[in-house]
Each structure stands twice: as C-alpha cells, then as structure tokens.
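> I'd like to ask some things about the structure below.
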Amino acid sequence: MTVTVRLAAPLRAAAGGNTTLDFDVTDLIQLASEIADRYPELAARVLRDGEFGRFVNVFIDGEDARFLEASDLRGKRTVEILPAMSGGAVAPLPEPARRDEHEVFGSFIDETIGIVARQTRDTVSFAVGSPSREALDLVGADDLAATVIRREGAAALGYGITEGEPDLRDVIASAARDRGVAADAGTVLVSAGALQAIDLACRVYLRPGDVVVAESPAFANALSAFRNHGARVLEVPVDADGLDVAEASRRIRKLGVRPRMFFVVPNFQNPTGETLSLERREALLALAASHEAVVVEDDPYGALRFHGEDLPPLAALGGAEVVSIGTFSKTFLPGLRVGWVIADPDVIARMSRAKQTMDSSTGTLAQRIVLEFHRRGGAEAHIGRLRQLYREKQDRGRAALARELAGTGIAWNDPKGGFYFWVRLPRHVSARALLDVALQEGVAFVPGDAFAIDADHRSALRFSISAPTPDRIDEGVRRLRRAFDRLA
C-alpha cells in the first residue's frame, strides 16, 4: 500500500529538497522506521526514539493522528508532517550531526493557509487575517498601476533607494505627525511589509540570549523572528486592557532578567483583538525605560477602530525608546508588501544597512502605486469605507456567535476594531481537535497554540471576520457549531 508523505517547507531540505515522499507501509510505526532508514537527516528532525516527536504534527488524510484511535495507514492516501505550532519549531539535530546548522522557526498560521487551500470541499475561512475582496476592489488597483507605468515608465520598475521613495516617506511621516509622533522623512524607512520591519528591528537590537517581553497570545510570526535571532521570549498574558504590564514586571523580577525589547501590537491585537489601555501604555514605557529597553509597537490595525476614541501611539507618549512599525497591507493592498519603520535616524541608518543584505530596496512599483493612491487624495475616505465594511462584518460575527453558540460554554471577547475575536472553548476541548472536525464541516480557523511558545492556549482560537462576506460569516458559524456538537 503506497502512502504519500507531504512535508512542510521547513522539513524539505532534510529530505533532499523533496516536497513529497512515497512509502509502502501499513502503519505509522512502519512509516517511522522507513524514514529512519531512507532519510536519516529527516528522521533526526521528526523522530525521537523511533516515533514522531511532539515537535511535529502528523495528519492522516487531513485528520490529526493524535486524535485517531489507531495508527493504521491501510486505505489511507496521504500523511502530512508539519512543524508543531509553538512558533513552528522543528526538532534540533542530535549533537553528532549538528554541524553548523541551527533551528529555524516559521509560522503555523502560514501553514494553515496551505491546509485550507488543499480542502476539496467548500470552506468558510476564519483563519486568515487579510483584507476582504470587497476592500481590495475599492482601491482601483488596475487604474493606479496603469497610471504609474504610463507616466513613469521604466523609472517605476528599476531599483530604488534603500530607505524608500522620498515622497512616500514624507507621506508616512506626515500621517505620524498627525497622531502626535515626532517624525520626518529622515526617521522613516519603507520596508517590505511589517514583517520585514520586525526582522530589521531584531537585527539592529537583538543578540543571542537577549530577552524579549511579548504578549501571550502573540503575533506568531514575530515570536519566530525573535527566536530566529537567538532571543529568549518572556510571554506575558493579555487581558481586556492588553498586555498585563504589572505581571510583566513581576515575571522580570522573579526570573532576574533584563529585557532588551518589549514587543506589543497595541491596537486590536493579533490574535485577540484587544487594545492596550492608555494607563498600561504609560506603564509599559516606564517599565521599558527602567531596563533601558526598546519598545517595538507594531500597529497594522490602528486605523480600523469601529467604537470609542483613538489612543495615542506609544511613540507619541515619550518616556522610552520606541520603534513604530506600520503597514499598508490591512488598509490598502497586502500583495504589494509595503510597510514602514519610524525610529531615530541612527537606527534607520543601521536598518538600511541590514536591509541592503536582504532586498536592497522595497519594490519601486509597489511604493509608487501606494504613493499615487495617496496623491489622489482619497486615502482618508477609503479608510472610512473600510471602517464601515469591517464594522458590519464584526457586528455580523458577534451576532452569529451569540446565536449559534448559545449554551455551549464557548465565550468570546468584544474588540472595538480590527479583524479578530478571541474565542475560548470549554477547558476540556482542544481547538486543534475541533479544527480537524471543522475542516470536515467546511470551516477553518487558527488554533490558539499557534500564537504561543510555552503558554497554554490549547482551548482557544482566533476567529477572523475580515475575509468572508456577511452571509458567509453566518454560514461559517453554523458549520462551527455542527463541528463542536460532533466533537462534544
């Protein structure tokens, strides 16, 4: 019986670059033995004592092997091996084979996109935090791109300045000044999305062994970036007021560590949707200053407030060194990969040198399309339309959750903006197990463990309302209830 094994991207190099492998086996034990014999480097990453280790997830025809009563592969077609969800860690190589290699951490969120894409049934996805199709259609991207290319020709398609197009840096700085941040073009670097900006901050500030204080649950890709740069992550709980700064202070004292960086998503946090209160913003800056640490504020959702008053950026409050990160991905076109960093000019200069070893400069055409959109003067009105669009989706999601999940013991929070609800299941229910059943019902989400390293968020999930239409939100929550009832 031939079974096809699909390998996640971080594991392929250990199998000679192969994406899939074929084995004639009847159960998981025999499969593990075959991998050990034929692919010893892969075995070192996925096996311990002859069995698949806890640092990988194994799916048999789309079902998590941990929740199957038997490991029988007879009649099965595919086995998927993915890095475990705690930042996408893969097992370290045994010491004799270590050579000069090191662990590389990825994101199970990104792996989830592939899992959903491979579904053969209709699937409502609450898994991806990306703008909706309706929002993208509002932009008029085809006319913007045509205008730029027609007017600027080859100049729009060549290399650019590492720090970014000067006029776009002015636009970003002006918007920051409107929010109280002291900024000019010299304090701005245009990055290839917010993720590159986070990585640049890591390259400039972190050295192996440094401590980063981060929210828990947290933006998974950022956690992996910190770990890839050798940092130790101190996870601190998030509640209705955002990062618990007092708890952060207690844990720092208890462990006797000196943080180098604090990382927060202050507005409508990914994944919980919660917002850091003004009192805690001030307390966080004071705590960071006491340790001479930098605060990195990643704010992709701040413009998408639906209720209440805007809070000042951390960079506008003063009291500690702050690096501000933003992106056009949530409010304009995510595929352009245009974000930014605002920091001290010396920091921007160091980031520019680091960026020159990555991509030299962010795509010139992408930057000029963003700039053309802002030159036309419609950016503020566009944000207003997005707020209305996503407010309606959030209201629809809130109502659907209340209607369909009544009496289940499932709870969720009440964000004032952004893309996400944080949904808490009864403590005995695993979100990972629920996802397996949910995919069979045609609905997807991201389990809570994807947003942590050691903290326990197994009975929670991120529920994103941004992509589905309102009617699809209703249908997706109905499917989620059916999945929960089946699991229960």
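> What number, rounded to the nearest 500 deg cm²/dmol, is the helix-based mean residue ellipticity at 222 nm of the chain, given -39500 (n - 2.57) per DSSP H run of at least four residues and division by all its residues?
Calculated at 222 nm, the ellipticity per residue is -12000 deg cm²/dmol.
> Quick check on segment 206-339: of the DSSP beta bridges with both residues there, what percent are antiparallel, nearest 5%?
15
> Something else now. Over the chain, what is the percentage of antiparallel beta bridges among all DSSP beta bridges, to the nearest 5?
Antiparallel: roughly 60 percent of the beta bridges in the chain.
> Could you give the nm distance between label points at residue 406 and residue 2, where each point is 7 Å from its Cα heading toward the beta carbon?
Rounded to a tenth, the inter-label distance reads 5.4 nm.
> For segment 201-256, restrict the atom set to alpha-carbon positions and state the Rg and Dmax in Å.
When restricted to Cα atoms, segment 201-256 yields Rg and Dmax of 11.6, 32 Å.
> Could you give the alpha-carbon Rg of segment 131-258 over 2.2 N^0.38 Å, rounded to two decimals?
The value comes to 1.42.
> Positive end of the dipole of segment 108-210, charges at C-beta (+1 Lys, Arg; -1 Asp, Glu), about the Cα centre: which of 159, 181, 202 has its Cα farthest in that direction?
My answer, from the dipole projection, is 202.
> Then there's this: Set the Förster radius R0 to 56 Å, insert the Cβ-Cβ distance between residue 66 and residue 150 as r into 1/(1 + (r/R0)^6), and round the FRET efficiency to 0.05.
It comes to 0.50.
> P(r) tail for segment 170-238, what percent of Cα pairs lie past 21 Å?
Value for segment 170-238 (Cα pairs over 21 Å): 40 percent.
> While we're on this one: Mind jotting down the distance between the C-alpha centroids of segment 320-370 and segment 255-276, whole Å?
21
> Here's a follow-up. Quickly work out the residue 170-to-residue 250 label distance, labels modelled 7 Å from Cα along the C-beta direction, and quote it in nm with one decimal.
5.1
> Could I ask something else about it? How much length, in nm to one decimal, is gained on full extension between residue 399 and residue 282, taken as 0.36 nm per residue of separation minus their Cα-Cα distance?
38.7 nm
> Between residue 48 and residue 289, what FRET efficiency comes out of the Förster formula 1/(1 + (r/R0)^6) with R0 = 45 Å and r the beta carbon distance, rounded to 0.05?
The formula returns an efficiency of 0.55 here.
> I've got another one for you. Would you mind calculating the relative contact order of the chain from Cα pairs under 8 angstrom and at least 6 residues apart, reporting the percent as a whole number?
Normalised by residue count, the contact order of the chain is 18 percent.
> Pairs of Cα atoms under 8 Å, at least six residues apart: use those to get the relative contact order of segment 391-431, whole percent.
Relative contact order for segment 391-431 comes out at 31 percent.
> Dividing the convex hull volume of the alpha carbon atoms of segment 414-456 by its residue count, what do you get in Å³ per residue?
Cα convex hull per residue, to the nearest whole number: 105 Å³.
> Still on this model: At q = 0.09, 0.10, 0.12, 0.14 Å⁻¹, what log₁₀ I(q)/I(0) does a Debye calculation on the Cα points of segment 334-488 give, no solvent, two decimals?
Scattering profile of segment 334-488, log10 relative to I(0): -0.46, -0.55, -0.72, -0.86.
> So if I place +1 on the C-beta of Lys and Arg and -1 on the C-beta of Asp and Glu, and nothing else carries charge, what would the dipole magnitude of the chain be about its Cα centre? I want it in debye, nearest 20.
The calculation lands at about 280 debye.
> Lysines within cross-link reach of residue 416: Cα-Cα under 26 Å, excluding same-chain residues under 8 positions apart?
Of all the lysines, those that pass the test against residue 416 - Cα under 26 Å, at least 8 places apart if same chain - are 330, 393.
> May I ask you to list the trypsin sites (Lys or Arg not before Pro) in segment 1-65 that are in a DSSP loop and have at most 15 other Cβ atoms within 10 Å of their Cβ?
54
> Would you please calculate the Kirkwood hydrodynamic radius of segment 224-349 over all C-alpha pairs and express it in Å, rounded to one decimal?
15.4
> Now for a separate question. With all protein chains present and a 1.4 Å probe, how do 416, 76, 330 order by accessible area, largest first?
In descending accessible area the options line up as 416, 76, 330.
> What's the extension gain from residue 391 to residue 33 if we count 0.36 nm per residue and subtract their Cα-Cα distance?
Extra length available between residue 391 and residue 33 comes to 123.6 nm.
> Another one. Please report, largest first and rounded to whole Å, the three semi-axes of the ellipsoid equivalent to the chain, where each semi-axis is the square root of five times an eigenvalue of the C-alpha gyration tensor.
Gyration-tensor ellipsoid for the chain: 36, 27, 25 Å.
> Here's a follow-up. Please name which of 291, 378, 351 has its Cα lying farthest along the dipole of the chain towards the positive end, using unit charges on Cβ (Lys, Arg +1; Asp, Glu -1) and the Cα centre as origin.
So the residue we want is 378.
The values are calculated or read from the model by the stated rules, or taken from the named source; none is laboratory data. Everything numeric in this text was worked out from a predicted model, so none of it was measured. Cβ atoms come from the backbone with ideal geometry, glycine included; neighbour counts cover every protein chain shown. For the accessible areas, the whole protein counts, side chains as well, though only heavy atoms, and no ligand, DNA or RNA atoms are used. Shrake-Rupley method; radii C 1.70, N 1.55, O 1.52, S 1.80 Å.
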